[in-house]
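Below is one structure; the comments refer to it alone.
The values are calculated or read from the model by the stated rules, or taken from the named source; none is laboratory data. The structure displayed is predicted, hence computed values, not measured ones. Cβ placement follows ideal geometry from the backbone for every residue including glycine, while neighbour counts extend to all protein chains displayed.
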Amino acid sequence: MIEALSAMGSVFTDPYLLGLIFATTVLGVIIGVLPGLGATTGAALLLPFTLTMEPVQAIAVLSTIYVSATFAGSITAILINTPGTSAAAATTFDGYPLAQKGEAGRALGIAVVSSTVGGVFSVIVLCIAAPLLARVAYEFRPPEYFALTIFGLSMLASISAGGAVKNLIGGIFGVWLSTIGAERVTAIERFMFGNYDLYEGLSFVPVFIGLFAISELLVQSKMVNKIVETVALKAVKLPTKEDYKRIWKTILRSCGIGTFIGVLPAEGATVASMIGYSEAKRWSKNKEEFGKGSVEGIAGAEAANNAATGGAMVPTMVLGIPGSGTTAIILVGLMVHGLRPGAYLFTEQVEKVYQIFGSMLLANLMFMAMGLYAARLFARVSLVPISILWPIVFALSVIGAYALSQSLIDVWIALIFGVIGFFARRHGFAVAPIAVGLILGEMVETNLQHSLKMYDGQWWMIFAQPLAAFFLILAFLGLCGPYLYSLIIRHKD
Amino acid sequence: MIVGDSMQARSFPIFLMVINLMLVAILSLQFYKTYPKEVELEKFPTWSSMLLFLIFYIMVKVSGDMFVAIPVVMFLMGLTWGQKKVWISFVNAIVTPLSVFLLFDYVLQVRFPRGWLTNIYYG
């Protein structure tokens, strides 16, 4: 414990890491306020830049981007009614109306404080829950891991963007993509079509750059003529005593909701903020104020979306199952830097793990300072013309895709997946399930194969393992629960 | 599908495709009940951007140099996305790739494929 705390504390005394986290927080806030970029795209674009860094520094950069961009989405949500990130969509419901009443500073102050409390709370939960979960994960064998990945895939059905079936199709498509290349055990070639550049399978980095950055570029190209109306901001105001009295319960509730939602595999800040907002409304004594500039609405959404960031890191680091789209990229970052996610990470490299947690804590405190003192400046960044911004994203995407393996095939893969991602989004499919499926794909297949070998091909024996059966039942309920529930209600009526 | 004590390597992706076909069938059933909203047609910049990706591919294949193709595509992308001041697009198309190239070359020590321009730099 002392070792862990001193590792966390070392982040605060390491000048290089401090400088790096400060610079990344500034970058994260800029990424967050630029509509369309967001934490996931930002992390995908920055991943190649972390290649030569030490593992802790690299993951600190990615997690800082995650934390600060998630917060910064609220700045544009409040000032220009355009959420910088999807996680800030719920903040527009009350943030912008309050800003229109001439209280933009108050709205931003509440968003900053709520986000910081949510983020710090979730890091504390991460520090406590992750090692505990790691102890449980020691007991996991292939059947349990297989069932867990199936549970993770089933959770895709409830991601907010896209419909349940569409998200599942995306997830399964992602798993299918993971089968491209030579199979690990038998070296049988699958879907390579004679192209030996694909022998090792699809690299995660170019696929993610394509799905998140290039597809977003194509989506943004439809916004060329969008006119943005900005609300004037004089200064960010800290919440008053009256405000605190009204929002403290909401913040605490949203902290719990956000962290819990974040821990669930494949769920993320967007779902958390929506639930945080709706729960804030449900429990509020001033329901009529919601949608017209309620401070509880802002606090509920903002505390929840930042609380989800720490929560989402729990399954990512302990089980190797991404808690959200951005943590899928952080997971790839962990793998690229030789940090194998899982229970052993918490025994063999515990110092590094806590340094990563420490850097997340520091990032939360840094964005608070930036939010309070520089929000006005950052809000101006959002007005950069998209005809300048997105060509830069194009350059960063193709160079970044090339950098990891220094292979042109990765550039073509990024472009192809950019177009695939764009058409998927155009038809209402979210791209995050494809990314999560791609990451989980190898785990699903390998653990299924190992399980079958363990039980001499008797697949039903997987159901005889209590923990595996528990996860499979959860997966079944996650998939069929809502339909069964509606059937029961209809039958009763 | 399950042969001996394990699953055949070729069976797993086929199994996935079957599941996805079933899901597509469910989706079409949903669409049959409630037809989805008509998808908005993209405007010029979207299609031109995809065309620029193709131009990028051809240029890299011809010149072998990403750093010839990137500025050209960035410049054209800026213009097709509505940038009226040509010089801004031009400066953006030169400065951005150059700075990223230098960053990758000096700091990250990534070497890019040799081509018309990079040959001059690498010697």
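Points worth noting:
- Any hit, segment A:76-89, residues being part of a loop (DSSP other than H, G, I, E, B), of a type in the set (V, I, T) and more than 20 Å from the chain's Cα centre (by Cα): yes
This table checks each residue for (1) surrounded by fewer than 24 Cβ atoms within 10 Å (Cβ to Cβ); (2) touching a residue at least 12 places away in the same chain (Cβ under 8 Å); (3) of a type outside the set (D, E, K, R).
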residue: A:T259; (1), (2), (3): no, yes, yes
residue: A:V271; (1), (2), (3): no, yes, yes
residue: A:K285; (1), (2), (3): yes, no, no
residue: A:G293; (1), (2), (3): yes, yes, yes
residue: A:G297; (1), (2), (3): no, yes, yes
residue: A:V314; (1), (2), (3): no, yes, yes
residue: A:L331; (1), (2), (3): no, yes, yes
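- In segment A:265-317, the residues that are in a loop (DSSP other than H, G, I, E, B) and either aromatic (F, W, Y) or within 22 Å of A:Y96 (Cβ to Cβ) (or both): A:S284, A:N286, A:F290, A:G291, A:K292, A:G293, A:S294
- Checking B:M74 against (1) closer than 18 Å to A:I214 by Cβ; (2) more than 10 Å from every other protein chain (Cβ to nearest Cβ), the condition it does not meet: (2)
- Close contacts from segment A:394-423, counting a first residue that is crowded, with 20+ Cβ neighbours inside 10 Å and a second that is hydroxyl-bearing (S, T, Y) and outside any helix (DSSP H, G or I), with Cβ to Cβ under 9 Å and a gap of 6+ residues or different chains, come to A:A401/A:S203; A:D410/A:S203; A:I413/A:S203.
- Segment B:1-96 holds helices (runs of 4 or more DSSP H) entirely within its bounds, and those carrying 2 or more residues that are in contact with a helix residue (DSSP H, G or I) (Cβ under 8 Å, 6 or more places away or on another chain) and either modelled with pLDDT of 90 or more or within 30 Å of A:L396 (Cα to Cα) (or both) map to B:44-63, B:66-80.
- Of all residues in segment A:1-31 being in contact with a Gly (Cβ under 6 Å, 6 or more places away or on another chain) and either part of a loop (DSSP other than H, G, I, E, B) or of a type in the set (V, I, T) (or both), the one that is surrounded by the most Cβ atoms within 10 Å (Cβ to Cβ): A:I31
- Filter result (surrounded by fewer than 24 Cβ atoms within 10 Å (Cβ to Cβ) and at pLDDT 85 or above) within segment A:371-392: A:S387, A:I388, A:L389, A:I392
- Segment B:49-88, residues that are among the small types (G, A, S) and under 13 Å from the mean Cα position of the chain (by Cα): B:S49
- Residue within segment A:436-444 that is away from chain B (no Cβ under 11 Å), buried (at least 24 other Cβ atoms within 10 Å of the Cβ) and closer than 30 Å to B:V62 by Cβ present: no
- Segment A:450-465, residues that are of a type in the set (G, A, S), assigned to a helix (DSSP H, G or I) and within 11 Å of chain B (Cβ to nearest Cβ): A:S451
- Selection of first residues in segment B:10-27 that are facing chain A (nearest Cβ under 7 Å) and under 13 Å from A:L177 (Cα atoms) and of second residues that are in a helix (DSSP H, G or I) and at pLDDT 85 or above, restricted to Cβ pairs under 6 Å at least 6 apart or on distinct chains, gives the following pairs, ordered by first then second residue: B:F12/A:E445; B:P13/A:W176; B:L16/A:I172; B:L16/A:V175; B:L16/A:W176; B:N20/A:I169; B:N20/A:I172.
- Some residue of segment A:466-473 being at pLDDT below 90, crowded, with 19+ Cβ neighbours inside 10 Å, away from every other protein chain (no Cβ under 14 Å) and not in a helix (DSSP H, G or I): no
- B:D65 fulfils the conditions (1) more than 8 Å from chain A (Cβ to nearest Cβ); (2) out of contact with any Lys or Arg (no Cβ under 8 Å at 6 or more places or on another chain); (3) crowded, with 17+ Cβ neighbours inside 10 Å except for a single criterion, (2).
- Only listed residue being in contact (Cβ under 8 Å) with a residue 40 or more places away in the chain, within 9 Å of another protein chain (Cβ to nearest Cβ) and under 14 Å from A:G441 (Cα atoms), chosen from A:L168, A:L202: A:L168
- Matching entry among A:I75, A:I65 (being β-branched (V, I, T), modelled with pLDDT under 85 and either farther than 18 Å from A:A430 by Cβ or in contact with a Phe, Trp or Tyr (Cβ under 6 Å, 6 or more places away or on another chain) (or both)): A:I75
Conditions (1) under 27 Å from A:A307 (Cβ atoms); (2) at pLDDT below 85, marked per residue:
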site: A:A134; (1), (2): yes, yes
site: A:M155; (1), (2): yes, yes
site: A:L168; (1), (2): yes, no
site: A:R184; (1), (2): no, yes
site: A:E189; (1), (2): no, no
site: A:G210; (1), (2): no, no
